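Undergrad: I'd like to ask you about the structure that follows.
The values are calculated or read from the model by the stated rules, or taken from the named source; none is laboratory data. Predicted model only: the values in this text are computed from it and were never measured. Ideal geometry is used to build each Cβ from the backbone, glycine not excepted, and the neighbour counts take in all protein chains shown. Quick note on the areas: whole protein, heavy atoms, side chains included, nothing else; ligands and nucleic acids left out. Shrake-Rupley method; radii C 1.70, N 1.55, O 1.52, S 1.80 Å.
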Amino acid sequence: MRSARTLSLYLMRETLAYCALAFAILTIVVLTQNLLRRLDELFLVGMTPADVGRALLCLLPIALTYSIPLAFLLGCVLATRRMSGDGELEGLRASGVGPIRLLIPFLILGLLASALSAWLLQDVDHQSRRELVQLFKRVAARGAILEPGKFRHIGGHLVFVEERSRDGSLSGVMIYDQTRPDRPYRIFASHGRFLFDAETAEIQLDLEHGDVHLDPSPDDPRRYERIRFDQFSYRLNVAHLVGMDWWPVRPKQMTVPELERVLERAAQGDALRELDQRDPIEYALEIHRRRALPFASLLLAAVGIPIALASEHRGRNAGLLLVMGSAFAYFALGTLVESLASVSWIGAGVATWLPNLVYAGLAVALILRGRRRIAE
């Protein structure tokens, strides 16, 4: 009994060391894809280094829900490869340790990883997404996107403000609008006011005492038009900068009770017009996703470790490629069946739980096959 416990602790320690390394790398990659690659745009919209730090803290739980299963799987496989390369697996087998006993420590760690993922998905993930919404709203509302004395490119617009006060008042405003290549125009205003509409992710410039200069059209190149105004309201869409994909409230930003209330409203014939997603299936999929996805760590380990053990003599990279292929196949299958559910080919519950059922069956088959190959 003592030797079995010592072996389990040794395997767990080896696995956790590789898990930590894989976890750090994968988390950095996921965060880079979600935030760091947009740093220039985010600083343009007015984010300070402190804001970026808060955004990273909000993104971290979101990234963990995806990096934990893959990091755990990579840690298990790398630990297995290291032990195989050093001849430790052969020594364990010679001592009568079979594949089932080898799997037990990995499955225990898989249960812990699944429990952590479940907590993140149920209690943390949606709250982090909501906090991101509020952060970007606050940043955009500060209006730092219009920095006095500098030209700013915002989509198809070039904007210049000579002075801007803390209350949003502007002076010396120039806008070059190129959204219509066939007829660009320039706006000059002596004064104005900056406003931010959080619902539409648009900047509104209420301009005063200025002119609109329209470039000549291709049909009449000699004609130059100038329109004078006393008041003029101009809007700039900055959704691509402030992350419009994080609001309005979407299924992933809701709590489970909120998702269930949306489904109740849809069942009563409510059109859900004020929501971003109006198809009830999206809310049902999100409820089941939070219940099914935490099992990914356990199932990927239950499939990946037998594959790694069975392929250890086929080359150093064969097992790793097969295991990572099985992991990506799991997520690809999930995406496929959710797409089928979105067009009402299958139900939300079936779509979300089907990858788990498939991989549970595959894990049982691989474990039994490994047990037959190497007797305990």
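Undergrad: All but one of (1) modelled with pLDDT of 80 or more; (2) part of a helix (DSSP H, G or I); (3) over 26 Å from residue 119 (Cα atoms) hold for residue 355, so report the exception by its number.
TA: Unmet condition: (3).
Undergrad: What pairs come out if I take residues in the stretch 168-182 that are among the charged types (D, E, K, R) and pair them with residues that are in a strand (DSSP E or B) and surrounded by 15 or more Cβ atoms within 10 Å (Cβ to Cβ) whose C-beta lies under 6 Å away, six or more apart or interchain?
TA: Short answer, once both residue conditions are applied: 177/157; 177/185.
Undergrad: Considering only the stretch 1-103, give the helices (runs of 4 or more DSSP H) lying wholly within it that have at least 2 residues that are closer than 20 Å to residue 320 by Cα and at pLDDT 70 or above.
TA: Ranges flagged: 2-34, 49-85.
Undergrad: Among the residues of the stretch 217-229, how many are farther than 18 Å from residue 174 by Cβ and part of a strand (DSSP E or B)?
TA: The qualifying residues number 2.
Undergrad: Pairs needed: first member in the stretch 362-374, under 16 Å from residue 323 (Cβ atoms); second member anywhere, in a helix (DSSP H, G or I) and at pLDDT 80 or above; C-beta distance under 6 Å; at least 6 residues apart or different chains.
TA: 362/303; 363/302; 363/303
Undergrad: Among the residues of the stretch 255-265, is any open to solvent by 30 Å² or more (accessible area, probe 1.4 Å), of a type in the set (Asp, Glu), outside any helix (DSSP H, G or I) and under 22 Å from residue 346 (Cα atoms)?
TA: Keep residues of the stretch 255-265 that are open to solvent by 30 Å² or more (accessible area, probe 1.4 Å), which gives 255, 257-258, 260-261, 263-265.
When the remaining residues are screened for being of a type in the set (Asp, Glu), the result is 258, 260, 264.
Applying the additional criterion that residues be outside any helix (DSSP H, G or I) yields none.
Checked against the condition, which is being open to solvent by 30 Å² or more (accessible area, probe 1.4 Å), of a type in the set (Asp, Glu), outside any helix (DSSP H, G or I) and under 22 Å from residue 346 (Cα atoms), the stretch 255-265 yields no hits at all.
Undergrad: Say we look at the stretch 104-140 and pick out the residues that are of a type in the set (S, T, N, Q) and more than 15 Å from the chain's Cα centre (by Cα); which of these is least open to solvent (accessible area, probe 1.4 Å)? First the steps, then the outcome.
TA: Here is the first cut: in the stretch 104-140, the residues of a type in the set (S, T, N, Q) are 114, 117, 122, 127-128, 134.
In the following step, the residues that additionally are more than 15 Å from the chain's Cα centre (by Cα) were identified as 114, 122, 134.
Details: 114: 13, 122: 61, 134: 91 Å².
Looking at residues that are of a type in the set (S, T, N, Q) and more than 15 Å from the chain's Cα centre (by Cα), I get 114.
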